[in-house]
Amino acid sequence: VQLQASGGGLVQAGGSLRLSCAASGSIFSINNMGWYRQAPGKQRELVAIITITSGGSTNYADSVKGRFTISRDNAKNTVYLQMNSLKPDDTAVYYCKARVGPYEHWGQGTLVTVSS
């Protein structure tokens, strides 16, 4: 599985961005996909996750609930992260990840910078 993330950029506080993660390869085997982020000097953390195989259930970090929405377009093999009401604390490199059984596949990061 190969993942291509895009959509990062510079935005003012209160603004919005949408990240995309396009999957290719053995996509039929993907169980779930998620977005993670890593701010300077901090550990990588889960932002949001969505199941792919069934149901499309989602889970969010408490810090982004009500502001971020993860969604999928199975026809395009793409997962999105709509980020609204962005805060400076959301500044980080955002990574998408796909889980295939016990294995994890990571995309390259995309930088999100939120100015105050």
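Observations on the model:
- Subset of region 27-51 (residues that are within 19 Å of residue 103 (Cβ to Cβ) and in contact (Cβ under 8 Å) with a residue 40 or more places away in the chain): 27, 29, 30, 31, 32, 33, 34, 35, 36, 44
- Of residues in region 62-103 being over 14 Å from the mean Cα position of the chain (by Cα) and part of a strand (DSSP E or B), the one farthest from residue 29 (Cα to Cα): 103
- All positions within region 76-111 that are open to solvent by 10 Å² or more (accessible area, probe 1.4 Å) and in contact with an Asp or Glu (Cβ under 8 Å, 6 or more places away or on another chain): 80, 97
- Counted residues, region 14-32 - those being out of contact with any Leu (no Cβ under 6 Å at 6 or more places or on another chain) and either in a loop (DSSP other than H, G, I, E, B) or at pLDDT 95 or above (or both): 10
- Test: residue in region 53-68 that is of a type in the set (D, E, K, R) and surrounded by 15 or more Cβ atoms within 10 Å (Cβ to Cβ): yes
- Taken as a whole, region 17-35 holds at least one residue that is farther than 17 Å from residue 83 by Cβ, surrounded by 11 or more Cβ atoms within 10 Å (Cβ to Cβ) and of a type in the set (Val, Ile, Thr).
- Residue check for residue 10: assigned to a strand (DSSP E or B), in contact with a Gly (Cβ under 6 Å, 6 or more places away or on another chain) and either open to solvent by 50 Å² or more (accessible area, probe 1.4 Å) or not hydroxyl-bearing (Ser, Thr, Tyr) (or both): no
- First in region 81-92 and in contact (Cβ under 8 Å) with a residue 12 or more places away in the chain, second anywhere and surrounded by 19 or more Cβ atoms within 10 Å (Cβ to Cβ) and charged (D, E, K, R), Cβ under 6 Å, 6 or more apart: 92/37
The values are calculated or read from the model by the stated rules, or taken from the named source; none is laboratory data. It should be emphasised that the depicted structure is a prediction, and the values quoted were computed from it without experimental measurement. Ideal geometry is used to build each Cβ from the backbone, glycine not excepted, and the neighbour counts take in all protein chains shown. Areas reflect the complete protein model, heavy atoms only, side chains present, ligands, DNA and RNA absent. Shrake-Rupley method; radii C 1.70, N 1.55, O 1.52, S 1.80 Å.
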